[in-house]
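The values are calculated or read from the model by the stated rules, or taken from the named source; none is laboratory data. If you're wondering where the values come from, they're calculated on a predicted model, not measured in any experiment. Positions of Cβ are backbone-derived with ideal geometry, glycine not excepted, and every protein chain shown enters the neighbour counts. Ligands, DNA and RNA are stripped out before the accessible areas are found, and what is left, the full protein with its side chains, is counted by its heavy atoms. Shrake-Rupley method; radii C 1.70, N 1.55, O 1.52, S 1.80 Å.
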Amino acid sequence: MSNLTISDLHVTVETPEGPKQILRGVDLTINSGETHAIMGPNGSGKSTLAYSIAGHPKYQVTQGSVLLDGEEVLEMSVDERARAGLFLAMQYPVEVPGVSVSNFLRTARTAIDGKAPALRQWVGEVREAMDDLRIDPAFAERSVNEGFSGGEKKRHEILQMQLLKPRFAILDETDSGLDVDALRIVSEGVNKARSTTDVGVLLITHYTRILQYIKPDHVHVFVDGKVAEQGGPELAEQLEAEGYDRFLAKA
Amino acid sequence: MTTDTTDSPVETTGLSTDHSRASADAAHSHGVRTSPGTSYADRFASTDPEAFEVPTGREEEWRFTPLRRLRGLLQDAPLRGEGVTADVRGVDGVTVQIVPVAESRRGLSGYVPIDRVSARAWAATEKVMTIDVPAGTEVAEPLVVTLTGDGGSEAVAGHLLVTVGANARASVVVFFEGSATYAENVEIVLGDGAALTFVSYQDWQPDAVHHSNAHAVVGRDAELKHVSVSFGGDLVRHDTTAVYDGPGGSAELLGLYFADAGQHIEHRLFVDHNEPKTRSDVLYKGALQGDGAHSVWIGNVLIRPEAEGIDTYELNRNLVLTDGARADSVPNLEIETGEIEGAGHASATGRFDDEQLFYLRARGIPEEAARRLVLRGFFAEMIGRIGVDVVGERMLAAIEAELEIAMQTAGAEVDA
Ligand SMILES: Nc1ncnc2c1ncn2[C@@H]1O[C@H](COP(=O)(O)OP(=O)(O)OP(=O)(O)O)[C@@H](O)[C@H]1O
Ligand SMILES: [Mg+2]
């Protein structure tokens, strides 16, 4: 049983006019096996939270902590965080020309396990995961994310989640840009990881549709750089019906 | 000029035309061309070294080159006819000969030296290496020639003539090794429907100087893939020209280079679309690391009024890995007809992409390994496009060796 505890997290980004405050004291705890949904208006800082946990150099943490089983994540390098068991499915996955998906996946898994996976078993595992996610085998030889459609990129993110078996996964708008079938397929992929690995999931989304497939235990409303309200799955329904006005007025 | 085209296995009519044009140009534009706006096609050409003034370094075509490091090639440094030995791994169907200039078909391509170094090399050349693929011959295995410099203090002149007859297909790879101050002229002549992959691979010792001017003629519907790979040498300056001798020909000019501290690697290209429905595709990729590493890429493409329906694209990309390295990149497209299929060029020089590194590291891949992946990826497509195994393998090994240097440098920076 692991936990990821975010406390009083303050984050700024550098702008030409000086540092700009984006996160203003985020508090959030996720335990293994739990799924938390974060919903909030555009620009409220959801991706900033995700990237800050992953350690993107663009974001400066000015206050607060992120503990993974009591260990300070903020003191780890980007790759150390991933090896400690954190995973971020990005809203905008990056293209890496000339690096094949299969080479990338194997290199990542080797880095995370500390040793190369047994070849035959690995090949089978990759094939099965790609199959589940309806990713054409030809993608294995394509360059990472290069020329992938929006939906293909998202599937590729979940493929990595399945193969890298993180302890905590942050999914940043993995549902955006997916067609109806893809949404179901990707959701099933996430659910498979949940059921086989006890991963804790932080699901950032704008829509309740994905929450019908991936049932959250908790829903957090994110406004102006912090959590404005918490509740159960019913909170998501309410947000979809009423929008964020109530919270914006309060903020 | 010693030009003899009588026994040519290729169709020569157009070639003689080319030749007279080159001579005519020479007559017209006598004097040193300095204005940067002037077309590359109007370059002054002559076999007489004294017809060229010694450049000052301010001329457009010399402004990037550290002239001092040419070791007097531009002035009067003695030039020997020998000092670079050839080792040939032959293939059936391809004839390789080393023949005295007088007995050679030097000048067959219509090439006339375009600068003082190449004119001096022309004058000093005693023997011509000729590689001939007779018409209709198809050879799958590449012919591999290794030219090794003996490290002598005196500069060496050389001339290579590659002829590929009509509808013949072959690959020719030239590896340069050892050390030399080498001034070279290269002629490549493709007959109608011929296909040639020609690779010039500079794997010199760090103190070598290599000045090379290549002139390729692409016959009707012929396909030239010209590849220049530069890892070694103190100064490498290659000027490659492709012209067409009939419609429908294509020229793919590929280059890969890696400049380390203090190295100067310069590639100058000129594609002269002088025939309709011809194609050219230029892709040069380079990486630079270390203090004073300098690469220069000049990509000139001219589309003449008669060159209707042509298609051209040129791209140069540079990855600058450390401070103190500099990549100059100048694409230049001159279009004299509106009736073209496509014409484009691009040039991009940048550092490691932080977003790419972040993405890889966010999957647990350590920074050093992530850099390796990105760098290998940067060159991966070149290896595929060059498509000659013996070259690809050597390039991979060379890139790994460069990565070792890169990692040591990165380590030193972290330690400091
Ligand atoms: N370099 C920057 N300069 C100025 N503002 C920035 C910069 N980078 C991010 N921001 C701002 O930070 C805020 C939070 O951005 P973030 O991407 O975290 O929002 P989000 O909640 O993920 O939005 P969305 O729902 O649209 O994905 C936005 O207002 C954004 O414009
Ligand atoms: Mg976002």
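What to note about this one:
- Annotation: of all residues in the stretch B:337-360 being in a loop (DSSP other than H, G, I, E, B) and farther than 30 Å from B:LEU302 by Cβ, the one that is nearest to the other protein chains (Cβ to nearest Cβ) is B:ASP353.
- Applying the condition of being in contact with a helix residue (DSSP H, G or I) (Cβ under 8 Å, 6 or more places away or on another chain) and more than 16 Å from ligand 2 (Cβ to nearest atom) to the stretch A:170-183 and asking which residue is most open to solvent (accessible area, probe 1.4 Å) yields A:ASP179.
- Restricting attention to the stretch A:63-86, the residues that are within 9 Å of another protein chain (Cβ to nearest Cβ), acidic (Asp, Glu) and touching a residue at least 40 places away in the same chain (Cβ under 8 Å) add up to 0.
- When we screen B:ALA242, B:ALA222 for residues that are open to solvent by less than 10 Å² (accessible area, probe 1.4 Å) and within 22 Å of B:VAL117 (Cα to Cα), the only hit is B:ALA242.
- Some residue of the stretch A:141-150 being assigned to a helix (DSSP H, G or I), open to solvent by 30 Å² or more (accessible area, probe 1.4 Å) and away from every other protein chain (no Cβ under 14 Å): yes
- Search result, residues across the stretch A:28-56 that are within 25 Å of A:TYR213 (Cβ to Cβ), within 12 Å of ligand 2 (Cβ to nearest atom) and more than 14 Å from chain B (Cβ to nearest Cβ): A:ILE38, A:MET39, A:GLY40, A:PRO41, A:ASN42, A:SER44, A:LYS46, A:LEU49
- Considering the conditions (1) under 26 Å from A:GLN212 (Cβ atoms); (2) away from ligand 2 (no atom under 16 Å from the Cβ); (3) surrounded by fewer than 20 Cβ atoms within 10 Å (Cβ to Cβ); (4) within 14 Å of chain B (Cβ to nearest Cβ), A:PRO117 is excluded by exactly one of them, (1).
- Test for A:GLY225: is it crowded, with 19+ Cβ neighbours inside 10 Å and within 16 Å of ligand 1 (Cβ to nearest atom): yes
- All told, A:VAL126 meets the bar of being away from chain B (no Cβ under 14 Å), surrounded by 16 or more Cβ atoms within 10 Å (Cβ to Cβ) and of a type in the set (A, V, I, L, M).
- Residues (more than 16 Å from ligand 2 (Cβ to nearest atom) and open to solvent by less than 20 Å² (accessible area, probe 1.4 Å)) located in the stretch A:10-27: A:THR12, A:GLY18, A:GLY25
- When every residue of the stretch A:11-28 is checked against the conditions, none turns out to be polar (S, T, N, Q), more than 15 Å from the chain's Cα centre (by Cα) and more than 10 Å from ligand 1 (Cβ to nearest atom).
- Selected residue (criterion: nearest to ligand 1 (Cβ to nearest atom)) from residues of the stretch A:75-86 that are under 17 Å from the mean Cα position of the chain (by Cα) and open to solvent by 30 Å² or more (accessible area, probe 1.4 Å): A:GLU80
- When the stretch A:87-112 is filtered for residues that are open to solvent by less than 20 Å² (accessible area, probe 1.4 Å) and either more than 8 Å from every other protein chain (Cβ to nearest Cβ) or farther than 28 Å from B:GLU381 by Cα (or both), the ones remaining, listed by number, are A:PHE87, A:LEU88, A:ALA89, A:VAL101, A:LEU105.
- Conditions (1) within 14 Å of chain A (Cβ to nearest Cβ); (2) in a strand (DSSP E or B); (3) among the hydroxyl-bearing types (Ser, Thr, Tyr); number of the one not met by B:SER329: (1)
- Any hit, the stretch B:361-371, residues being in a loop (DSSP other than H, G, I, E, B), out of contact with any Ser or Thr (no Cβ under 8 Å at 6 or more places or on another chain) and more than 8 Å from chain A (Cβ to nearest Cβ): no
- Note on the stretch A:184-229: among residues that are within 16 Å of ligand 2 (Cβ to nearest atom) and in a loop (DSSP other than H, G, I, E, B), the one that is farthest from A:ILE6 (Cα to Cα) is A:TYR207.
- So A:VAL219, is it of a type outside the set (S, T, N, Q), more than 16 Å from ligand 1 (Cβ to nearest atom) and away from every other protein chain (no Cβ under 14 Å): no
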